[in-house]
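The values are calculated or read from the model by the stated rules, or taken from the named source; none is laboratory data. Bear in mind that the values here come from a model prediction, so they are computed numbers and not experimental data. A quick note on method: Cβ atoms are made from the backbone with ideal geometry, for glycine too, and the neighbour counts reach across all protein chains shown. Surface accessibility is based on the protein's heavy atoms, side chains included, excluding ligands, DNA and RNA. Shrake-Rupley method; radii C 1.70, N 1.55, O 1.52, S 1.80 Å.
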Amino acid sequence: MKKALWVLAPLLAVLFVIPLGAAVTLAAVITPAAAEQTRLDGCGTAVAASGSWRPPFQQAYVRTSAFGTRFHPIHHVWRLHAGTDLVSQPRPGPVVAVAAGTVVEAAYRGGYGNAVDVDHGGGITSRYAHLARINPTIRPGTTVTVGQVLGVEGSTGASTGNHLHLEILINGDPVDPVPFMAERGAPLDGREVAPTPTTAVPAGVEGGIGFDLPPAGTPRLASLTNPPAAIPPPVKALYVAAAERYQLPWTLLAGIGMEETAHGRNTASSSAGAQGLMQFMPATFAAYGVDGDGDGAASIRSDADSVFSAANYLTHSGVTKGPDGVRKALYAYNHATWYVNDVLHYAHAYGGGLVMGDPTSCVGGTGDPNLTPLPADQVEALLAWAGQQAGDQYVYGANGPDAWDCSSFTQAAYRHIGLTLPRTAGAQRDWLAAGHGTRIPPGQERPGDLIFWDSYLGPNAIGHVVIIKDPTTRTTFEAKNPRAGVGTFSYAGIQQGKNIYEIWRPGATDRAP
């Protein structure tokens, strides 16, 4: 059984002066794991930026001085410290907006040093102080998006070391940023957070999560001399239709089509025996070929079948599992680094796009059959919390406290008992499969187990997750959909017609202190 690793951060002497009655005292560092985190190992350290709020860093960090009355290190008096201090690891890094809004101040402001205030509406303002410098594009009146870079962490103003002083003000009054951010699904827990994608995530996407198609790297080969060719309309229609079916950017299929045959202009069999518009080897097509044109057969020479089969192959190869997953899937298609970069170059030339997946997703695995199950009291607490949310709304990308999508609901339920799961359903399943859970055969499930199946992300990707309430009645606790909301539902018969249907049991974890 894996035990939680609780890391005590060293005491940091990052203390500073806050004007308007704020102050700082010597205080023990609040660890990134404090009161919430247990295990998120085995899948990297980063988490996905989800929903409309996120932490103000992309890099890992520690929380030092907390909100509240403390001893001022310079003036030696007790005053309110009106925010929380965050220190990037291992060195100062960029500071980003915690939510979309409008810049109301961006200037040097006495003890705050270089500071930016962002109005988020509803009386809520976020303040970022002691910046080394403010991004030159950030000025009063600027509209910023969640995750947009505001400046760089520093030590300007009344400060004794590099850090970010973050304040949240409601109608002008400071509130503790830690519970405020946690209630909005953006806990200030010290973990690295993936960049918010520059391409807008469309409505109706679980977790509000996606990631930009990664850029081309080096080396490149064909794309250095062959510019991207115009795409014949019938071929582009196939790219778009296959991308819609398998939920990936059509431009990625166009990149492969350009690299392989210039969109069908050169479809002769290769010297290795690859055939068709997307150049499949017969053995690979036999394993992954699908009927794209609906004629009842999968033909390696059919343009529609070739394009749909390429989308099928990429999603089977993990193309939605973060930027590295895109590169690995393309490398699986053709084992050459220059090929990966050529395809990405062409894909961006055709417009790039957003990949509907978790940028921090695990590779997965087969799980650990020897894990100790959760104790009965933890399962009871989990189910009690889940039941108390009945009647809440279902909103794609929501992180609570009164609205959820399927995976944020599951994540919050397990966080309630001290176990931290990734954000999306697919990433949760992969995290369990990476050694944090046990795969359970249908019919042997217990209360508290999780069921995953494919839905809106296509047949090769998990799109929904539920918590088993009672196997004898085949009922769940879940955030079901926007119409049904959160409550108790039936999973009887769900397995029929699903390409993916898996039951997983998270392993026992140490309790959070």
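Looking across region 414-454, the residues that are in a loop (DSSP other than H, G, I, E, B) and farther than 26 Å from ARG184 by Cα come down to PRO441, PRO442, GLY443, GLN444, GLU445, ARG446, PRO447. Among the residues making up region 406-434, those that are open to solvent by 10 Å² or more (accessible area, probe 1.4 Å) and not β-branched (Val, Ile, Thr) are GLN411, ALA412, ARG415, HIS416, PRO422, ARG423, GLY426, ARG429, ALA434. Count of region 241-262 residues, restricted to those that are closer than 16 Å to ALA229 by Cβ and outside any helix (DSSP H, G or I), is 1. Taken over region 366-405, the residue count meeting the criterion of being among the polar types (S, T, N, Q), outside any strand (DSSP E or B) and in contact with a strand residue (DSSP E or B) (Cβ under 9 Å, 6 or more places away or on another chain) is 4. Contact annotation: residue pairs with Cβ atoms under 8 Å, 6 or more positions apart or on different chains, pairing a residue in region 453-482 that is among the basic types (Lys, Arg) with a partner that is open to solvent by less than 20 Å² (accessible area, probe 1.4 Å) and part of a loop (DSSP other than H, G, I, E, B), are ARG474/TYR491.
Evaluation of ARG327 against the conditions (1) open to solvent by 10 Å² or more (accessible area, probe 1.4 Å); (2) outside any helix (DSSP H, G or I); (3) touching a residue at least 12 places away in the same chain (Cβ under 8 Å) shows that the sole unmet condition is (2). Restricting attention to region 86-109 and to residues that are in a strand (DSSP E or B) and polar (S, T, N, Q), the residue that is surrounded by the fewest Cβ atoms within 10 Å (Cβ to Cβ) turns out to be THR102. Within region 212-222, is there a residue that is modelled with pLDDT under 90 and within 22 Å of the chain's Cα centre (by Cα)? Checking region 212-222: at least one residue is modelled with pLDDT under 90 and within 22 Å of the chain's Cα centre (by Cα).
Quick one: would you say ALA229 is touching an Asp or Glu at 6+ places or on another chain (Cβ under 7 Å) and either surrounded by fewer than 18 Cβ atoms within 10 Å (Cβ to Cβ) or of a type in the set (Val, Ile, Thr) (or both)?
no
Considering (1) open to solvent by less than 20 Å² (accessible area, probe 1.4 Å); (2) modelled with pLDDT of 95 or more, the lone condition that ALA508 does not fulfil carries the number (2). Could you tell me whether any residue of region 454-462 is at pLDDT 95 or above, of a type in the set (D, E, K, R) and buried (at least 17 other Cβ atoms within 10 Å of the Cβ)? Looking through region 454-462, none of the residues is at pLDDT 95 or above, of a type in the set (D, E, K, R) and buried (at least 17 other Cβ atoms within 10 Å of the Cβ). Scan region 192-211 for residues that are open to solvent by less than 20 Å² (accessible area, probe 1.4 Å) and either assigned to a loop (DSSP other than H, G, I, E, B) or at pLDDT 75 or above (or both) and the total you get is 6. Scanning for something in a strand (DSSP E or B) and either surrounded by 19 or more Cβ atoms within 10 Å (Cβ to Cβ) or modelled with pLDDT under 90 (or both), does region 50-60 turn up at least one residue? Within region 50-60, none of the residues are in a strand (DSSP E or B) and either surrounded by 19 or more Cβ atoms within 10 Å (Cβ to Cβ) or modelled with pLDDT under 90 (or both).
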